[in-house]
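Peer 1: Before we start, here is the structure in question, set down as structure tokens.
The values are calculated or read from the model by the stated rules, or taken from the named source; none is laboratory data. Model, not experiment: these values are computed from the prediction. All accessible areas refer to the heavy atoms of the entire protein, side chains included, with ligands and DNA or RNA removed. Shrake-Rupley method; radii C 1.70, N 1.55, O 1.52, S 1.80 Å.
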Amino acid sequence: MKKTIHPSQLKGVIQSPASKSSMQRACAAALLHKGISFIHNPGHSNDDKAALDIIGRLGAIIEKIDEDTLRVTSKGVEPVSGAIDCGESGLSIRMFTPLAALSKEIVTINGSGSLVTRPMHFFDEILPALGVEVSSEGGYLPLKVKGPLKPVDIEVDGSLSSQFLTGLLMAYSAAGASGVEIRVRDLKSKPYIDLTLEVMKQFGMAMPENNGYTVFHFPEKKHSTEERDIHYTVEGDWSGAAFLLVAGAIAGPLLVRGLDLQSAQADRKIMEALEACGAGMAVEAKGIRLVPASLKAFTFDATDCPDLFPPLVALAAYCEGTTQISGVSRLAHKESNRGLTLQEEFAKMGVTIRLEGDLMFIEGGKGVKGAKVHSRHDHRIAMACAVAALRAEAPVSIEEAQAVNKSYPDFYRDLELMGATVRGINLMI
């Protein structure tokens, strides 16, 4: 599927998409909540659909009340299927594996696309210590787990991803952990753990004490088991909205609505980058307003928010001078090797990117050329190229443009609503 983005000026008001980070965690919490949960403003990306399918297979009953509300009824993890499929969602595979292991039934866990090449050694090493039988294909999918998981004192490596810890925290809480702790070494993406803890709190789950992100202690006390209906509203997505905000900064004016400035989402830091580069930005009661301005190179640490690399590269391409972004080591195990992919695809548009260890340098302000690029089946690469195309010298064509369906299926439609000229087959689903 190909989409061609023509140089365009944007104008108007746009609502941010629903956060898949928030939505997927809400699905997991709704599965663990013994009772009824209402999820408002649910997402409909491929990753969101995968999470809903997973909790259905693990025993939850899901009903669509209306366009803005889902009702989830659950008795906890009681699998009705011997297998779950996480699609291409890294969060789902890492979060739902420990939850599936709460059951004494054998559950096979699989995925597709780049997920089959992502290492899963973490589970081979950790789950047996929790009384779970686990097998994998040499540390890769498919996984087979058989519980029930029993919380004990453990130490885990948090350097690869915080998503493993998210699954363990939820599983420990659901398993009634008491007087035990999870010790964590070198935790990355701490804000995502804040989001996990916030979702757990809103669903009334037993909460651990967070001691500096190095020790998560579950106190020795009984927690209320009172059943009550849960109402959870999925946040606006800072990860997807980062592309909208950058688009407004380079091709606005634009007003982006639906974002919580106090959100625990890591990608809220896009605001710091926009401020650092001198973007024309104002926070108003109705949303965040962006207008084009003279942009300058900036320095940014994306170690705890690696998903910001693609929109930051699109922004840096229009910033005069050389922008420096640190945290490149976090990019190897995404939908593509994003450091190299960004370097290669943006080179086609005349933007030079250098990779030196953990640092990325983007030479900006020299213009963006029209080109034919490829998403590499990576949703954020497709969106980054599309945003960079908005002020390019000529149209930019994106092969495999449907990759955006993973997180933001309405992306091209929203570009058109903002006034962009987009050619190609309509990808609305």
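Peer 1: How far, in degrees from 0 to 90, does helix 338-348 lean away from the longest principal axis of the Cα atoms of the chain, to the nearest 10?
Peer 2: 20 degrees
Peer 1: Kirkwood Rh over alpha-carbon pairs of region 173-229, then Stokes-Einstein at 20 °C and 1.002 mPa s: what D in µm² s⁻¹, rounded to an integer?
Peer 2: Roughly 175 µm²/s, to the nearest whole number.
Peer 1: If you don't mind, there's one more thing I want to ask. Of all DSSP beta bridges in the chain, what percent run antiparallel (nearest 5)?
Peer 2: Rounded to the nearest five, the antiparallel share is 70 percent.
Peer 1: Binning at 10 angstrom from zero up to the longest distance, how are the C-alpha pair distances of the chain distributed in percent?
Peer 2: 5, 23, 32, 24, 13, 3, 0
Peer 1: Quote the Stokes-Einstein diffusion coefficient, in whole µm² s⁻¹, for region 287-364, based on the Kirkwood radius over alpha carbon pairs, a temperature of 25 °C and a viscosity of 0.890 mPa s. Write out the running numbers ahead of the final one.
Peer 2: Values: Rh = 12.7 Å.
It comes out at roughly 193 µm²/s.
Peer 1: Using just the C-alpha positions of region 39-171 as equal point scatterers, what log10 of I(q)/I(0) does the Debye formula give at each q in 0.10, 0.13, 0.17 1/Å?
Peer 2: Results for region 39-171 at q = 0.10, 0.13, 0.17 Å⁻¹ read -0.31, -0.52, -0.88.
Peer 1: Using only Cα atoms, locate the centre of region 260-339 and the centre of region 72-141, then give the distance between them in Å, rounded to an integer.
Peer 2: When both Cα centres are located, 33 Å separates them.
Peer 1: Of all alpha-carbon pairs in region 136-274, indicate the percentage at a distance above 27 angstrom. Walk me through the intermediate numbers first.
Peer 2: Values: 3511 of 9591 pairs.
Within region 136-274, distances greater than 27 Å cover 37 percent of Cα pairs.
Peer 1: Let me ask something additional. At 1.4 Å probe size, with no ligands or nucleic acids counted, give the accessible surface of Asp194 in Å², nearest ten.
Peer 2: Looks like 50 Å² after rounding.
Peer 1: If you take the Cα Rg of region 356-412 and divide it by 2.2 N^0.38 Å, with N the number of residues, what do you get?
Peer 2: Dividing the Cα radius of gyration by 2.2 N^0.38 Å gives 1.23.
Peer 1: Helix 379-388 versus the longest principal axis of the chain: what angle, 0 to 90°, nearest 10, using Cα atoms?
Peer 2: It works out to around 20 degrees.
Peer 1: Sticking with this one: What number, rounded to the nearest 500 deg cm²/dmol, is the helix-based mean residue ellipticity at 222 nm of the chain, given -39500 (n - 2.57) per DSSP H run of at least four residues and division by all its residues? List each step's numbers first, then the result.
Peer 2: Details: 12 runs with 124 residues, N = 429.
The helix-only estimate for the chain comes to -8500 deg cm²/dmol at 222 nm.
Peer 1: What fraction, in whole percent, of alpha-carbon pairs in region 234-365 exceed 19 Å separation?
Peer 2: 46 percent
Peer 1: Compute the length gained on full extension between Arg354 and Tyr213: take 0.36 nm times their separation in residues and subtract their Cα-Cα distance, giving the result in nm to one decimal.
Peer 2: 47.5 nm
Peer 1: Given a cut-off of 26 Å, name the pairs among Lys34/Lys190; Lys104/Lys188; Lys34/Lys221; Lys3/Lys369; Lys64/Lys190 whose C-alpha atoms lie farther apart than that in the structure shown.
Peer 2: Check vs 26 Å cut-off fails for Lys34/Lys190; Lys104/Lys188; Lys64/Lys190.
Peer 1: Something else now. Could you give me the ³J(HN,Hα) list for region 164-179, computed from phi with Karplus coefficients 6.51, -1.76, 1.60 and θ = phi - 60°, whole Hz, x at Gly and Pro?
Peer 2: Using θ = phi - 60°, the values come out as 4, 5, 4, x, 5, 4, 5, 5, 4, 4, 5, 8, x, 3, 8, x Hz.
Peer 1: Now, a different point. Taking only the C-alpha atoms, wrap a convex hull around region 4-82 and report its volume per residue in Å³ as a whole number.
Peer 2: So the per-residue hull volume is 112 Å³.
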